[in-house]
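J.: My questions will all concern the structure given below.
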Amino acid sequence: MSLLNDIEPLKQTALAELKAAPDLAALDHAKGAWIGPHGKFTALMKQLGSLPKEEKPVAGKLINAAKIELEAALAARREELELAAARPKEPTDFTLPGRRRALGRLHPLTQVTEDIVRAFRKIGFAVADGPEIEDEYHCFDALNTPADHPARDMQDTFYLMGRASSPEGKLTPTGPASGASVGETPASLLLRTHTSSVQIRVMQSQPPPVRIIVPGRVYRRDNADATHNPTFHQIEGLYVDKGVTVGDLKGTVEFVFKELMGSDVKIRFRPHYFSYTEPSYEIDFTNALVKKMGKDWLEIAGCGMVHPQVFETVGYDPEVWTGWAFGFGIERIAMLRYGINDIRLFYENDVRFLKQF
Ligand code: DAH
């Protein structure tokens, strides 16, 4: 009879202790003291066997019910204590500024490209685009670059295995199965060596006047060093209208570079040769930064008045239309602008470099 009488008071004490456990360690301790293998309540259950037969069912029932109650109390207290442990120790100051997620930023080449595009948009230029996998027709032939021109040397770029049908220049790789049809001159596909190919694509797709710029990636078979990389970026420009002059070209280039690099910029045109312009120039650039590098001028672009032969090729009447074109190297400009001394830094994607812009 004494065992039956013990159950209730023992349970009450255990419940009180579990509910009052101040932290998880104390709770575990209480659990061990009562319902662990050597706990006081467990000991009670062990005594069940020594009871007279007729008392066993009642005592068993009572003990089981009490055990269930104790385990529930244990779980409830554990939940409370775990929640309390997860709460911040200090009161929360809701007036503190929030934690900002670190934002990525635009690559310096993208920033420079966007700035150049923005400057040209101010004076009415639209952005055009063309494929990086080009054919010889758009890259060379239509730009009045004959087959024996040094720029067409196989060494100068990367040729692809496919073939395109020329002169429309649709990029239709012709494996042995497709076979070029009679009368078509098959032209090799290549990675474009300059963005000038897009001049042809644009002029063939619309009548004059034209006022476009073409930012894009180009490819040359150069070994990488501090100033060369086999892929780099250019911005092509093309302006076709009636009565366009070298003066317009010079004024435009000067405007854009002042927008980009500040008002102390000076521009110089040096006579040069490009097969798709006549006359042709190289553009030199100088400002305080260039002087600081110990140089008088830096070459940054090629340009010239669109060659009449190019107009003939695209079906523009060279007696009516005149125009100019240029090609800037974007890396060159970015290096100058930010004082970067190695072109390869642009392509390594090292965040320590990128995060400075
Ligand atoms: N395509 C030339 C190059 O990659 C740059 C260039 C020169 C573009 C003269 C032009 C131009 O449009 O008129 O070096």
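Rule-based calculations on the coordinates, nothing more; no lab input. Owing to the predicted nature of the structure, the values given are computational and were not obtained by experimental measurement. Neighbour counts run over all protein chains shown; Cβ positions are idealised from the backbone, glycine included.
J.: Students often forget the sequence filter, so: which aspartates and glutamates lie under 15 Å Cα-Cα from LYS292 once same-chain residues fewer than 8 apart are removed?
T.: ASP264
J.: Let me check against my output: what whole-number percent is the relative contact order of the chain, with C-alpha pairs under 8 Å and at least 6 apart?
T.: Values: 528 pairs, mean separation 51.1, N = 357.
That works out to 14 percent.
J.: What does the extension gain come out to for ALA33 and HIS272, with contour length at 0.36 nm per residue minus their alpha carbon separation?
T.: Contour length minus Cα-Cα distance gives 76.4 nm.
J.: Another question about this same structure. Treat every Asp and Glu Cβ in region 2-85 as -1 and every Lys and Arg Cβ as +1, leave all other atoms uncharged, and give the resulting dipole magnitude about the Cα centre to the nearest 20 debye.
T.: Roughly 320 debye, rounded to the nearest 20.
J.: How would you order 227-233, 313-319 from highest to lowest mean count of nearby Cβ atoms within 10 Å?
T.: Per-residue mean Cβ counts within 10 Å order the peptides as 227-233, 313-319.
J.: Only Lys, Arg, Asp and Glu count, each charged at its Cβ (+1, +1, -1, -1), so figure out the dipole size of region 40-80 about its Cα centre, rounded to 20 debye. Don't skip to the end; give the middle numbers.
T.: Details: 8 positive and 6 negative charges, 40 e Å.
Here the size comes out at about 200 debye.
J.: Quick one: which residues, 5 or more positions from SER275 or on another chain, have an amide H under 5 Å from its amide H? H modelled 1.01 Å from N in the peptide plane, none for Pro or chain starts.
T.: Sorted by chain and number, the residues that satisfy this come to none at all.
J.: Between GLU348 and ALA126, 0.36 nm times their residue separation minus their Cα-Cα distance comes to what? Kindly include the intermediate steps, with their values, before the conclusion.
T.: Values: separation 222, 0.36 × 222 = 79.92 nm, distance 3.10 nm.
Taking 0.36 nm per residue and subtracting the Cα distance, the gain is 76.8 nm.
J.: When ranked by the protection proxy of mean other Cβ atoms within 10 Å per residue, highest first, what sequence do the peptides 135-148, 190-203 form?
T.: 190-203, 135-148
J.: With the crude spin-label approximation of a point 7 Å out along Cα→Cβ, what separation in nm comes out for ALA226 versus GLN12?
T.: That separation, rounded to one decimal, is 9.0 nm.
J.: Given 4 °C and 1.567 mPa s, how large is the Stokes-Einstein diffusion coefficient of the chain in µm²/s, with Rh as the Kirkwood radius over Cα pairs?
T.: Reported coefficient: 48 µm²/s.
J.: How big is the equivalent ellipsoid of region 274-321 along its three axes, where each semi-axis is √(5λ) from the Cα gyration tensor, reported in whole Å from largest to smallest?
T.: Calculated on Cα positions only, the semi-axes equal 35, 8, 6 Å.
J.: Using the crude model of +1 on Lys and Arg Cβ and -1 on Asp and Glu Cβ, and no other charge, please compute the dipole size for the chain relative to its Cα centre, in debye to 20.
T.: Numbers: 43 positive and 47 negative charges, 343 e Å.
Magnitude of the dipole: close to 1640 debye.
J.: Let me ask another. At 0.36 nm per residue, minus the direct Cα-Cα distance, what do ALA85 and ASP248 gain on full extension? Give it in nm, one decimal, please.
T.: This chain segment gains 51.3 nm when fully extended.
J.: Only helical DSSP H runs with n ≥ 4 go in: add -39500 (n - 2.57) per run for the chain, normalise by residue count and round the 222 nm mean residue ellipticity to 500 deg cm²/dmol.
T.: That calculation yields -12000 deg cm²/dmol at 222 nm.
J.: What does the highest-first list of 328-338, 42-52 look like by mean Cβ count within 10 Å?
T.: So the peptides 328-338, 42-52, ranked by packing, come out 328-338, 42-52.
J.: Name the residue farthest towards the positive end of the dipole of region 2-85 from the options ALA75, ILE63, LEU18, assuming +1 on Cβ of Lys and Arg, -1 on Cβ of Asp and Glu, about the Cα centre.
T.: ILE63
J.: What fraction of the Cα pairs in region 2-85, stated in percent, has a spacing above 21 angstrom?
T.: I get 30 percent for the Cα pairs in region 2-85 exceeding 21 Å.
J.: Next question. Select from LEU354, LEU143, PHE41 the residue farthest towards the positive end of the dipole of the chain; place +1 on Cβ of Lys and Arg, -1 on Cβ of Asp and Glu, and compute about the Cα centre.
T.: The residue sitting most towards the positive pole is PHE41.
J.: Output wanted: per-residue J couplings in Hz (rounded whole) for region 48-53, from phi through Karplus 6.51 cos²θ - 1.76 cosθ + 1.60, θ = phi - 60°, x for Gly and Pro.
T.: Values, residue by residue: 3, x, 7, 6, x, 3 Hz.
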